[in-house]
1. If you take the residues of segment 41-100 that are assigned to a helix (DSSP H, G or I) and of a type in the set (Lys, Arg), which of them is surrounded by the fewest Cβ atoms within 10 Å (Cβ to Cβ)?
2. Residue under question is residue 151, and the condition is that it be part of a loop (DSSP other than H, G, I, E, B) and at positive phi; does it hold?
3. Any idea which residue in segment 51-74 is nearest to the chain's Cα centre (by Cα), counting only those that are closer than 25 Å to residue 37 by Cβ and of a type in the set (A, V, I, L, M)?
4. Return only the number of the condition from (1) of a type outside the set (Asp, Glu); (2) surrounded by fewer than 13 Cβ atoms within 10 Å (Cβ to Cβ); (3) out of contact with any helix residue (DSSP H, G or I) (no Cβ under 8 Å at 6 or more places or on another chain) that residue 128 does not satisfy.
5. Report yes if some residue within segment 75-95 is over 30 Å from residue 39 (Cα atoms), touching a Leu at 6+ places or on another chain (Cβ under 9 Å) and of a type in the set (A, V, I, L, M); otherwise report no.
6. Hey, any hits in segment 176-187 for a residue that's in the same structural domain as residue 16 (by TED's automatic domain parsing) and among the polar types (S, T, N, Q)?
7. Restricting to segment 177-196, count the residues that are in a helix (DSSP H, G or I) and closer than 23 Å to residue 164 by Cα.
8. What about residue 222, is it part of a helix (DSSP H, G or I) and buried (at least 19 other Cβ atoms within 10 Å of the Cβ)?
Amino acid sequence: MLSVVIIAKDEADRVGAALASVAGLAEEVVVLDSGSTDETVAVAEAAGAVVHRTDWPGFVAQKNRGLAAAAGDWVLSLDADEALTPELARSIRVALGSPTAAGYVVRRQTIWLGHALRHGAAYPDARVRLVRRDAARWVGVDPHDRLEVAGPTPTLAGDLLHRPYRDLGEHLATIDRYTALDARAGGWSDVLLRPPWAFFRDFVLRGGFRDGWPGFAFAALGATYTALKWSRAHWGRR
């Protein structure tokens, strides 16, 4: 049995696409809603999901709640701003028809302000998302969560489409919010050297330049994240 688990808050405009992409794939869909003030709960329930209304304990703790709430032997974890391509849905059906691993990696593609990015930090952005429930748990330090699996994790064909930002303002607000959680202790060398290295890595070494100006902007915003993360730690502001 496959359960899909989605965490959400104020995602009425995006969770529908996530739910539609798993329609007919899973025997159970669980949505953990952490206090939405829009129609997220109504959209999820209309699509047949079981909704659990919760507080917000953080990314790692909330996603472990999702694993615990799932009834299936296998769990596919999604965010509300993600959706499976048909090819990925087919790959999941095939894999679970005769599973040979404890979990599976999916390749995530970022759709940034309407632009499908295929290089740099935006793709393939491989992540473990499909797991045998008894062999996995969420670990990490917020906001950087990851699924830890006891066993092999091959990669599935197909992509997970990720639309993390509705507009540039939301992207900048997310940088501000996440760097407050992610501030790192360091010195001036970190503040000065790490941001340009992050840009060079993502735009040049990882091929972000192949995505044109959107690839440049995405890499520049990634470097901005790095700069703010280390600057906040250096000056002690969170």
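1. Looking at the filtered set, the residue picked out is 93.
2. Criteria met by residue 151.
3. So the residue we want is 60.
4. Single failed check for residue 128: (2).
5. The answer is yes, given that some residue of segment 75-95 is over 30 Å from residue 39 (Cα atoms), touching a Leu at 6+ places or on another chain (Cβ under 9 Å) and of a type in the set (A, V, I, L, M).
6. no
7. 7
8. Yes: the conditions hold for residue 222.
The values are calculated or read from the model by the stated rules, or taken from the named source; none is laboratory data. Because the structure is a prediction, the values reported are computed rather than measured. Backbone-built Cβ (ideal geometry, glycine too); neighbour counts: all protein chains shown.
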